[in-house]
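Below is one structure, written out as structure tokens; comments come after it.
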Amino acid sequence: MEVIEKLYEITKQLQLTASNGNQGDRDKQIEELEAYLETRGKLLDSVDQSLLTNDDKQKLREILSISEDAIKQMGKIKTSIQQNILNAKKGKSAFKGYNDPYASASFDGHYFDRKK
């Protein structure tokens with residue numbers, strides 16, 4: 001089927017884009033991944049399972065293995081983004097601490113009287 005071949009090519013491009021993880025081009029990379037995933041989803045919806053031959057089924061198995069690899073790569077991208085967000089939050093709080101060191105008052109030295 002022609003749809004299976006297109007699906008295979010889109011999945012290969014998805015895997016290639018996911019494995020090329022450049023920090024500077026991350027926004028462009030994510031946009032490309034989203035476009036490939038959207039196109040791939042439309043192709044998957046158009047596949048008629050009743051018309052599949054054995055060759056098509058074998059090609060779909062290959063697509064599945066490629067997809068699993070692409071999912072792992074996208075998971076690494078997600079982890080990298082999460083780490084960058086955490087580092088930015090830590091840097092922001094450290095910057096606030098250096099700018100205004102007396103903003104957070106220490107609670108040491110409080111005395112509570114228990115007598116009534």
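The values are calculated or read from the model by the stated rules, or taken from the named source; none is laboratory data. As the structure is a computational prediction, the values presented were derived from the model and not from experiment. Neighbour counts run over all protein chains shown; Cβ positions are idealised from the backbone, glycine included.
Candidates in the range 22-62 are the residues that are hydrophobic (A, V, I, L, M, F, W, C) and in a helix (DSSP H, G or I); of these, the one that is modelled with the lowest pLDDT is LEU51.
Test LYS12 against the stated conditions and say whether it is in a helix (DSSP H, G or I), touching a residue at least 12 places away in the same chain (Cβ under 8 Å) and of a type in the set (Lys, Arg). Even if it seems obvious, please write down each step before you answer.
Details: in a helix (DSSP H, G or I): yes; touching a residue at least 12 places away in the same chain (Cβ under 8 Å): yes; of a type in the set (Lys, Arg): yes.
Here the answer is yes, as LYS12 does meet what is asked.
Restricting attention to the range 24-71, the residues being farther than 20 Å from ILE4 by Cβ, touching a residue at least 40 places away in the same chain (Cβ under 8 Å) and either touching a His at 6+ places or on another chain (Cβ under 8 Å) or not aliphatic (A, V, I, L, M) (or both) number 2.
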